[in-house]
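The values are calculated or read from the model by the stated rules, or taken from the named source; none is laboratory data. Predicted model, so just to flag it, every value in this text is computed and none were measured. Glycine also receives a Cβ, built like all others from the backbone with ideal geometry; neighbour counts cover every protein chain displayed. To get the accessible areas, we keep the full protein, side chains included, count just its heavy atoms, and leave off ligands, DNA and RNA. Shrake-Rupley method; radii C 1.70, N 1.55, O 1.52, S 1.80 Å.
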Amino acid sequence: MDFKDFTKSYIKDLSSLLEDLDLNEFDKFRTLITNCKSNIYIIGNGGSAATASHMANDLAIGLKRRDNLVLNAISLADNIAVTSAIANDIGYENIFYMQLKDILKPDDILIAISCSGNSANIIKAVQYANKINSTVVGLSGFDGGLLKKLSTIKLHINSKKDEYGLVEDAHLILNHILFSYLLKENNG
């Protein structure tokens, strides 16, 4: 397959995955964010950490600087000193949980992003959020893993296993759809 054919195939696959999204779940997410009066914490590893940072930027700063919504959205993947200290001292599975422990409140939102839905550090943070009755929004891929099962709102990209690029692309596109809609909705 040459590059042009590969590109067409990739775009077709990405489009198909997005078309299969449960729009009712996505609308629940939009409603949750629109009405949020508390903190939004966002977590992810690798490419999903980059999406967490991007999402925090769009929700907290992108909307605010346009006199739109004022949201307190924080990516817990952004502080390398904190994450590496926690990983070194008490284990990588604790990097998000320890940042949330005794800080996360029931009215807060935890957005957890994981292609596999099975990353130990994501699951531990989600279990803690569930224990204190926070809302968990899970952005998952592949078969959804534990994250899909444990999430209040399930934004699942039903992909083949190991299609990281497609799932990560889809998650970022969902962020941009939400951000663009909120800009339009609140600015006319």
Would it be correct to say that Lys105 is in a loop (DSSP other than H, G, I, E, B), over 17 Å from Ser38 (Cα atoms), out of contact with any helix residue (DSSP H, G or I) (no Cβ under 8 Å at 6 or more places or on another chain) and not aromatic (Phe, Trp, Tyr)?
no
Quick one: is Gly141 more than 21 Å from Lys12 (Cα to Cα) and open to solvent by less than 30 Å² (accessible area, probe 1.4 Å)?
no
Sole exception among (1) over 15 Å from the mean Cα position of the chain (by Cα); (2) of a type in the set (Gly, Ala, Ser); (3) within 30 Å of Leu14 (Cβ to Cβ) for Ser84, by number
(3)
Test result for Ala112, under 24 Å from Gly165 (Cβ atoms) and assigned to a helix (DSSP H, G or I)
no
Please work out which residue is nearest to Asp22 (Cα to Cα), limiting yourself to the range 124-138 and to residues that are open to solvent by less than 10 Å² (accessible area, probe 1.4 Å) and part of a helix (DSSP H, G or I).
Val126
Quick one: in the range 23-45, which of the residues that are part of a helix (DSSP H, G or I) and touching a residue at least 12 places away in the same chain (Cβ under 8 Å) is surrounded by the fewest Cβ atoms within 10 Å (Cβ to Cβ)?
Thr34
Which of the residues that make up the range 80-101 are surrounded by 13 or more Cβ atoms within 10 Å (Cβ to Cβ) and of a type in the set (S, T, N, Q)?
Thr83, Asn94, Gln99
Quick test for you: out of Ser16, Ser48, Ser53, Ser9, pick the one residue that is at pLDDT 95 or above, in contact with a Cys (Cβ under 7 Å, 6 or more places away or on another chain), in a helix (DSSP H, G or I) and open to solvent by less than 80 Å² (accessible area, probe 1.4 Å).
Ser48
Evaluate the range 155-178: report whether one residue or more is assigned to a loop (DSSP other than H, G, I, E, B), open to solvent by 50 Å² or more (accessible area, probe 1.4 Å) and not basic (Lys, Arg).
yes
